[in-house]
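Have a look at the structure below before the remarks.
The values are calculated or read from the model by the stated rules, or taken from the named source; none is laboratory data. If you're wondering where the values come from, they're calculated on a predicted model, not measured in any experiment. With ideal geometry, Cβ positions are generated from the backbone for all residues, glycine too; neighbour counts draw on all protein chains shown. Surface accessibility is based on the protein's heavy atoms, side chains included, excluding ligands, DNA and RNA. Shrake-Rupley method; radii C 1.70, N 1.55, O 1.52, S 1.80 Å.
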Amino acid sequence: MSNVYGTLVTADPFESSTKQVNDACDVLGIKDKGMREYLAMPNRLLRVKIPVKLDNGNIRIFTGFRSQHNNDRGPYKGGIRYFDPEGGVKYMEREVMALSSWMTWKCAIVDVPFGGGKGGIFLNPKKEKLSDGELERITRRYAFMISEVIGPEKDIPAPDVYTTGREMTQIMDTFNKLNGNRSQPGVITGKPISMGGSLARNVATGLGVAYCVREASKVLKLKLKGAQVVLQGFGNAATFAGVYLEKMGAKVIGASDSKGSILNPKGMKTQNLIAHKEKKGSVVGFPGSKKVSTEQLLTAKCDVLVPAALENQINAKIARNLKCKIIGEAANGPTLPEADPIIYKKKIMVIPDILANSGGVCISYLEWVQNNMGYYWTFNEVAKKMEDNIVRGFKDTYERSKKYKIDMRRAAMVLAVERVVEAFNHKGIWP
Ligand code: NAD
């Protein structure tokens, strides 16, 4: 089973995350079963009942979770989503456990001092006809139920699937009211700017992808000037990846959205594509471009392919036909496990999702720092600091991939596990 929002390609997402931990332990020579279990299992999984009075006067009970995976390197960090995966509440429980684990590794790769957390409510706001008032009561009640385990020094949630700055503000406000009406904006990130959010958040993922692609091109001795870029899924992540890669000298020759895919080997200005999509609702029909199939887009001759739409886009067949040199995974889980060995053999460099789309968590960290010191940086200051984290994450991952002769995806996990184990070894087990 899979869902469209996460890196979930097996029936049990927590089995997937556990397997990845074990694979990294194999590479690092960590044989102790207890240590492996320590690394795989969440520290705490909280399941809460959320009773809410609906507008019609009836009471309805929702179920929520918060999984806190590991805090050896710092407070737990990770999103809160409102979602109803196919497998029901039980599946969601396994999902938040896995997603909290991936947050631990993501933070460690870019060396931000956080551990991993994830949570959410079993609820699909798009399907359910809930009023704004009902949604707010659900959100605030959930915040109340998890308030004892979150806090700026404990666990810092962020927006995720179907949640935005609005819900984050409601959670922050509830938490602050429960804590003597103190102002603690650092309890949550992804807030609107006027609530203590950080500049550069909206561009973070795309900009992070662009930084990673730039570093990959240096390693491969590929000139970014004139490099041809294909963007699958022309939304937030892809447009900003396009904007910044273009600033670095590359040109966008392909793009797609849910309505179709287009190619123009001569190049298309990202700003013009944005304007066209705004006007027509799709990139399709962009002047001078040719409409192609998804497969033709993904396997087009180019230097950089940025999958930024959905998971499971690159299967074995597509992998065999790829003609790019770099894949910058903006989306979560765009590449199926069956495709990885084929891509590695073809010497195409994959910048795995856990590294490539970590711009958001880097900015979350910087938002938290700004909140805690009560002093706010400019856009350029934030972008520069994020660049430092991501570039270091890329270089450290690449170094592991060479050292252990493994692909970048496995190398990123090895780096992450190595960093968490190092922190664990400093602290040991208490008592
Ligand atoms: P978005 O909603 O802004 O954009 C998604 C785009 O994909 C839209 O243009 C949509 O039309 C297109 N799309 C949908 N189905 C498609 C299909 N079958 N083929 C081609 N295009 C299709 O979303 P986003 O925020 O840019 O996120 C994109 C991906 O990046 C997701 O996998 C998300 O989980 C991941 N991601 C995003 C962020 C972020 O901060 N934006 C952070 C981490 C990961």
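Across the accessible surface of the chain, with the other protein chains kept in place and a 1.4 Å probe, carbon and sulfur atoms take up 53 percent. The candidates Lys118, Lys223, Lys291, arranged from most to least accessible area with a 1.4 Å probe in the full protein assembly, appear as Lys223, Lys291, Lys118. Taking a ≥ b ≥ c as the square roots of the eigenvalues of the Cα gyration tensor, segment 243-402 is oblate, since a/c reaches 1.5 or more and a/b is not larger than b/c.
Shape analysis of segment 279-364 based on the Cα gyration tensor places the equivalent ellipsoid semi-axes at 22, 19, 11 Å, largest first. Helical runs (DSSP H, four residues minimum) scored at -39500 (n - 2.57) apiece and divided by the length of the chain put the mean residue ellipticity at 222 nm at -14500 deg cm²/dmol. Each DSSP beta bridge with both residues in segment 1-134 is either parallel or antiparallel, and the antiparallel ones are about 75%. Per residue, the chain exposes an accessible area of 43 Å² to a 1.4 Å probe, with every protein chain left in place.
Only protein heavy atoms count here; under a 1.4 Å probe, Tyr404 has an accessible surface of about 70 Å².
The lysines whose alpha-carbon is closer than 28 Å to the alpha-carbon of Lys129, local same-chain residues fewer than 8 away aside, are Lys49, Lys53, Lys90, Lys118, Lys191, Lys259.
Taking every protein chain into account, the 1.4 Å probe leaves Asp12 with about 30 Å² of accessible area, to the nearest ten.
Extents of segment 88-136, largest first, come to 41, 24, 13 Å (Cα atoms, principal axes, whole angstrom). Taking 10 °C and 1.306 mPa s as conditions, segment 54-137 diffuses translationally at an estimated 114 µm²/s according to Stokes-Einstein applied to its Kirkwood radius (Cα pairs).
What the phi angles of segment 157-170 give under the Karplus curve with 6.51, -1.76 and 1.60, with θ = phi - 60°, is a coupling list of x, 8, x, 8, 4, 6, 10, 9, x, 5, 5, 5, 5, 5 Hz, glycine and proline written as x. Would you please give the FRET efficiency between Glu278 and Asn22, computed as 1/(1 + (r/R0)^6) with r the Cβ-Cβ distance and R0 = 56 Å, to the nearest 0.05? The computed FRET efficiency comes out at 0.75.
Under the rule a/c < 1.5 gives rounded, and otherwise a/b versus b/c splits prolate from oblate, where does segment 322-384 land using the Cα gyration tensor? It comes out prolate by the Cα gyration axes. By a 1.4 Å probe calculation restricted to protein chains, Met408 has an accessible surface near 10 Å², given to the nearest 10.
So which of Lys277/Lys325; Lys77/Lys177; Lys19/Lys126; Lys106/Lys385 end up more than 24 Å apart by C-alpha?
Lys277/Lys325; Lys19/Lys126, as the Cα separations exceed 24 Å there.
Over all other residues within a Cβ to Cβ distance under 15 Å of Phe65, the charged ones net out to +3, with Lys and Arg as +1 and Asp and Glu as -1. Going by a ≥ b ≥ c, the root eigenvalues of the Cα gyration tensor, does segment 372-431 fall in the rounded group (a/c under 1.5), the prolate group (a/b larger than b/c) or the oblate group? Note, shape of segment 372-431 comes out oblate.
For the full complex of protein chains and a 1.4 angstrom probe, list Trp377, Trp105 by accessible area with the highest value first.
Numbers: Trp377 40, Trp105 0 Å².
I get Trp377, Trp105, largest accessible area first.
Other residues lying with their Cβ under 12 Å from the Cβ of Gly133 contribute a combined charge of -1, Lys and Arg counting +1, Asp and Glu -1.
Legend: translational diffusion of the chain by Stokes-Einstein, Rh = Kirkwood radius over C-alpha pairs, 10 °C, 1.306 mPa s; D = 72 µm²/s. Pairwise Cα distances in segment 215-332 exceed 19 Å for 38 percent of all pairs. With all protein chains in place and ligands, DNA and RNA left out, the 1.4 Å accessible area ranks Met103, Met168 as Met103, Met168, largest first.
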